[in-house]
Every structure is written in structure tokens, then in C-alpha cells.
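Below: the structure, in C-alpha cells.
Here, each number is a calculation from the coordinates, and none is a lab measurement. A quick note: this is a predicted structure, and the numbers were derived from the prediction, not measured. Cβ placement follows ideal geometry from the backbone for every residue including glycine, while neighbour counts extend to all protein chains displayed.
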Amino acid sequence: MTGGAAMNTPVARDALDVGRVRRDFPFLRARINDHPVVYLDSAATAQRPRAVVDAESDFALLEYANVHRGVHTLSQRATARYDQARERVRGFVNATDASEIVFTAGTTAAINLVARSYARPVLRSGDEILLTEMEHHSNIVPWQIVAQEAGATIRVVPVTDAGELDLDQAARLIGPRTRVVAVTHVSNVLGTVNPIRSVADLAHAAGAVLLVDGAQAVPHRRVDVLALGCDFYAASAHKMYGPNGVGFLWGRRELLEAMPPWQGGGGMIEVVSFEGTSFAPPPARFEAGTPPITQAIGFAAAIEYLEALGWEAIERHEATLVAEATRRLAGIPGVRLIGTAADRVGVVSFVVEGIHPHDVGTVLDLAGVAVRASHHCAQPLMRRFGVSGTVRASFGVYNTLEELDVLVAGLHEARRVFGG
Amino acid sequence: MTSPSELYQSVILDHNRAPRNFRLMPEASGHGQGYNPLCGDQLTVWLKQDGDRITDVSFQGSGCAISKAAASMMTTVVKGKTRAEAAAIFDSYHRMVTGLGGLADDLPPKLAIFAGVREFPARVKCATLAWHALKAAMQEGGKAGGR
């Protein structure tokens, strides 16, 4: 083959150099139970590359100060860095304006912010909130709390056997009393990528707003909130190789501007007196107290890191891993895959006949393989599939096909130990 | 510990496959529930008492091999014991699986197969779920979440 032919191979040109990626993650040199670590739990939290930790530590050691507080140079620099981080997130989700990005403690805090600050004031007795059967508890419980306070009702879009939303049912369940539709972009258990645009159209036709839980989508695909057509989008940095303790809410500007604060404190006001206080415009209105400044700067570094790898390369690499994991796990006797949607990213969930997920998890752990074995904070979905929990292998930019060999060998070992 | 079979000894696997006293007890004098919110596992322990003595004990529920075997083994160990004796056994057993103590004199020898659990802090709850439920059952109708 000539050099020219190789250069014309687009796959080779755009492929992720996993060996190089792995060198960016010192964590991967760890040994667990005398085995090299095989980290298949990025959906719970992703490991951080050196570039992210360096960005955090450089700022903390050399440039640290509070934001929006002082006239001194350091504070002004810290404010500029914090604003740059916000701008980086804006670009990542393709929002119109950085003022639509609110930094929060994470996805959960962002959903609670919308439930408390958008939904609670508009909800009347008899109104409805529409969720889906595949939601994480963090996109169920905040809505239950405000629904109960307002006398509103929760309705639930069912999931098909393949693990996809039943859109016909969704269309029937959305009605004139629906105020909010809240749906996950990607299921943390099934990996299903939901048709957000279609759900947005249904919600808007009924006059409802749509919140999207993006926690499991952001590590895998470029997000475009305008193309998705949603009204709120929530996600966490730690799912996308960034620090824990920071996330964001994107909201349409006119919605954010009309919303009252959800927490009071410094930084979110214009004028305070004991007679009354006027609030700052978004996003400051929703960022009471000293925000997670260092984490926001690490978050920006994580976005930069992923953009440098290239979203197309990441997508292609992870699609190979998910497809290969699906094929190989399906070939093991007694293994049943949970979630076989056409459009899937990031995770493969399964149960092994006769062996509890916890026990599978322990046998794999002894071989150095980290998976999650539980109900994944999605108990209604577990009931839907008639299981108490599943084993979930989730994949990131640093995982390899060789690591799948270790996973598969571990599952054979589990079957041997339990006499399968 | 490097081998799964050190944790999953054959007796544990046997009790997992064929748990003893795995039945409802409609005529029970007390019952207790164990629930592990981490994994969603739950079980109920029933018992009959004659004065201070446990005359019958049974359980039902869903769980991993460790929690099921621990529950099964527990029923075979505490039957015929007084409440104080059962509580003392739980205490020794708890110290063993958490690594705070070795094999105490008052620990029935067959419970020693759970000693490997101390290498797995995440599984201590599994090994003690039924015991916490038993404790609640002895106090009548309580609810134990484990610790």
C-alpha cells in the first residue's frame, strides 16, 4: 500500500489514538486486586485527564481568588477565567448567549433549580408533569416534591421491550394540563438515545416546556440545544472527564429571566435592604454564594480536551466498543442484555442467569474490572424489566477492545464459580 | 484475596442455591425487614418464640448470594437459642465480618465461612442484612435497614 492510499483512508485519519489518550490518564496505571485496572464505570463518573487536573491545580496554586468580589487584579483575573469557562460551556452546547448558562453543583442541582424556580410557581392543582419510565431518580424525585406541594400529577411515558420511549403513548399522555415534560437525553441504564426533537415538538404543541437531563449524553456527543429544541438542558462535568461538584443548567433566556431565585445569598442581588431586595439578572440570579470556581475552570479544560480529541473520533471509537461489547456479551450463555435500542451510546446493561448482579460485580472486581452492579438509581426501570438490578459496563475514550476480553473472561469465571 | 472461590465457598453457594427455612410464616410471633437501598435487596425474617427462646425462624426475599446464604445460615444457627444468645452471636459475627474481631469462642463454627467478607467492605451489609432484620423481629415488627 502506498502512503497516498493510507492518507485517503478517512477512518485512519480521524481515528482516536487510544494509546495516546490512555497516557493522558495516570489513573489507568493503577492495579486493582493484582490486575491492571479495567475501568468500565465511566457512566458513574469518568476519570480525569492530567490536563483537567493541571488546569485546576494551576489556578488553585497560582491564580486563585473569589469572583465578582474585588477590585484587585487577582479577583478580576479569576472572574475573567470563570466567565471564560461559562463561554466554553456555551459553545459546547451551542447556546445563543453565555448568560443562559448557570453553573450548578451538578445535574441534580440543575433539575432541582428548574423544579423549584420554574415549575413550582406555575403549577396549579390538577396540572401534570410528564416523565418517562427510564428516568434516573434525580429526574423523578424533584418533580414529585413540587407536584405534591402544588397538587399536580406525575404521568409516565412507558418504555418498550427494546428500551425505547413509546412515542405514541407520549403523544397521548401530553395534554392541555401538561406544564413540564422532563426526559433524559441518554438512559444511564439502557444507553438509549432519546428522540428529543420529537418530544420537544409534542411538548410545545401542548404549551409545555421540556427539560432534558443530559448527564449521560455529554461525554459521548456534541450537544446542540437549539437543534434539540428543548427549553432546559442539565448536565454534570464529572461525567465528561471534568471535576465533580460542578455542572450547568442551560435555559432559554426568556424563561430564566422570568424565574425567581431558588437560593438567596451573595452574588445574586442588585440591591439589598431589609425592606426588600432586587435580584441580579441570570445567570448570577441563580448562583448564590461563592460558586465552584476551580471546578468550573477544570470543566472548561475537560471540554477543551474532548474537542481536541474530536467528537467524530470519540463517537466512532465508542460505537465500536458498544457494538463489540453487545455482540460478545450476547454470545455468553445465560447473559441477557437489557436495552437493545437502535440508537445507543456509552453503556451496556445485562443480567447473568442465576447470578445476582452484586456477585457478578464482586467476581469482576477480583479480576480488576470496575463495573456498576445495582439498580442504577432507576428503580422504576428495573421493575419495568422485571429485574432487581443489572450489571452495567460503560465505556469512555480510554477503553479498548482488549479490555472487553478481560470483561468477557471475568463473566466466564463468574459462571464457573456459580456452576453455570 | 485474589480468587472468587475464597469468598464464594461451596457451602455459601449451596445455601444460595437451596436456602434453608426459605418460607413465609403466617403464625409468626414477630417479623423484621431488611432493606439495602444501595442495591434494592430486601428480605423479611419471621420468628416464633416460646418465652425467651426462638423456636422457629424463616426468611424470604431477594438478594445476592452473600445475603441469601447469610440469611439461610442464620436461620439454622439461631433456632433453639435464647434471644440473648442470638444477640451475642450476631455481635461476634458482626465483629468478624467487619474485621474488628477474629473467630470468637461463642461464634458457631459454621459461620466462619463468612470471614472472607471482611476483605469486601461493600459486602458487609449483604452479610448482615438478615441479622439486622432478626434483631428487629426480636423487638417485634420493627424495620431494620442494616448499617
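General remarks:
- Overall form of region A:52-307 per C-alpha gyration tensor (a/c, 1.5; a/b vs b/c): oblate
- Reach of B:Lys135 by Cα under 18 Å, taken over lysines that are not fewer than 8 positions away in the same chain: B:Lys48, B:Lys68, B:Lys79, B:Lys81, B:Lys125, B:Lys143
- In degrees, nearest ten, helix A:73-93 long axis to first principal axis of chain A (Cα): 60 degrees
- Share, in percent, of DSSP beta bridges within the protein assembly as shown that are antiparallel, nearest 5: 70 percent
- Cα long-axis angle, helix A:357-366 against chain A (0 to 90 degrees, to the nearest 10): 70 degrees
- Computed over chain A, the per-residue total of -39500 (n - 2.57) for DSSP H runs of n ≥ 4 gives a 222 nm mean residue ellipticity of -11500 deg cm²/dmol, rounded to 500.
- Whether chain B is rounded, prolate or oblate, judged on the alpha carbon gyration tensor where a/c under 1.5 counts as rounded: prolate
- Given charges at beta-carbon only (K, R positive; D, E negative), |dipole| of chain B in Debye: 220 debye
- Exposed GluC sites (Glu not before Pro) absent - longest run of chain A, DSSP non-H/G/I/E/B, at most 12 other C-beta within 10 Å: A:1-274
- Working note: Karplus 6.51/-1.76/1.60 with θ = phi - 60° gives region A:219-224 the couplings x, 10, 9, 5, 9, 10 Hz, where Gly and Pro are set to x.
- Shape category assigned to the protein assembly as shown from the gyration tensor of Cα positions, a/c cut at 1.5: prolate
- With loop membership from DSSP and a limit of 13 other Cβ atoms within 10 Å, the longest segment of chain B without GluC sites (Glu not before Pro) is B:28-139.
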